[in-house]
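Report on the structure given below.
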Amino acid sequence: MTNPMNCTTVQELFSALADGELDTANIARMESHLATCRHCTREWRLFTESLAWLHEVKPVPAPPDLLIGIHAKLDRTNPLATWLHDLFGSPLRALSSMAVIGLAFFLWVSQPDIATHAPSNSMADAGGVFSQSRTAANPPARFLNPPLEITPAMNTGSEVWTNNFATQPYRLPTLPTITPDLAITVHAPSRETRAHLYQRLAAQDRWRIHADSDGTLFIFLNEEDIPHLQHTLAPHLLTMTPRSSGGDGENSLRTVSLLIKSQ
Amino acid sequence: MNNPPEHLQQNDTGRGTEIAKLVQSCQGGDKQAFNRLVLLHQTRIYNLALNYVKTPEEAKDLAQDIFVTAYRALPSLREADKFSAWLNQLAMNHCRNRYRKLQRRGYFTSTSTDDIIVPELIATNSPDRLLERNERDSLVRTIIAAMPAAEKEIIILRDLQELSYEEISETLGVPLGTVKSKLNRARHTFKNKIKHLLGTP
């Protein structure tokens, strides 16, 4: 004969029972208690009903422009923050490293015979050393190729965007309100090809186009506009793979990659 | 017993392998792989954010920040097959921080279940028949929002995000036994709030 359970123990195991986590012996002991205890039976019924409420909550679909917003945020990266991250790693390490550098600098300038009485050529030498540091004359590679700037210059329905694809500020038509079901990344062989393609694609209002600092173009469009896109890219398009991929319920925004041939 | 819906299932072998491959491609600089990773996880992450900040605009912003951080931190992820758990952890940290930040700014009005008015429920004791699905979902979210932070967190992870006990343990960094006891307590709190709304003795 198994030991009977009291009300406290039974209610402590409600969750495990509901999740199927109890062994058969404990299930039997709980059932035996519930068969005789009206209070626990009522609590168990409420417990399972409230659990059903929770489990029936439908997930809200993610906004269709979530992905495009992520890329926009990635491109808005503060170059200083990126550089500090590259140099030091985490923000905490960056801060502590900067604090150490700041303290060292403070101590250096606090020394009267160096900071206040140093001859001018010593300062020049110090500047010379500094100018050879990574900060000034030898910046990380990303500084040599400045990040893309996409700057809405006006907000009157149409926007002027400047970026390193378009040679001139480019006036985009008002962005269409579309719910894209396809995200296309364009891999072009050269900066010139990308600039040319960007201008051709940006002139259309059938899709949204976004260019990131690494030179990848993202096109968000509806599937029925693919033939139009192919037509627009016809002189340049080398391959388009895959024609469709994924497509899984909630996450129906699919990704396609375009490979552009050299001009 | 509680199988996650299809779009939330991430631990089956096929999906797990796909994610691991995508992570490796992304670490190699493939942005399309990152896009795919976002698409596979966006519903889960967006809904997690929505449970913390309430408004869709704020949740979208929060979800985007989570993915931006993930993109930047991805090179440091050594085990590609742990991506989903890693992302959960990262998302939870973001959600907690954003919640605290918004709370300090007075973004949330103090919610108590005493303030929730559901006259049909109280009058009839028959929620299933009277409440429309959307109303019920909204009521559930309001009740969860009014729960203590630790209980809210575990109930979101288990009953809304449908993570396994092991995944919750990994995400929250607590032992399995603690997950089980905390979950039982949180579910009882939720049940008692429903009971209070129904006016059940």
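No value in this document is a laboratory result; all are computed from the given coordinates. Remember, predicted model here, so these are calculated numbers, not experimental data. For neighbour counting, all protein chains shown are included, and Cβ atoms are generated from backbone atoms with ideal geometry for every residue, glycine included.
Couple of notes before you dig in:
- Residue ranges B:180-191, A:199-210 sort as B:180-191, A:199-210 when ordered by packing (mean number of other C-beta atoms within 10 Å per residue, highest first).
- Modelled FRET efficiency - R0 60 Å, residue A:200 with residue B:81, Cβ distances, 0.05 increments: 0.90
- In this simple spin-label model, placing a label point 7 Å from the Cα along the Cα-to-Cβ direction at both residue B:149 and residue A:28 gives a separation of 4.6 nm.
- The count of lysine pairs in the stretch B:1-108 with alpha-carbon distances below 24 Å, taking only pairs 8 or more places apart or on different chains, stands at 6.
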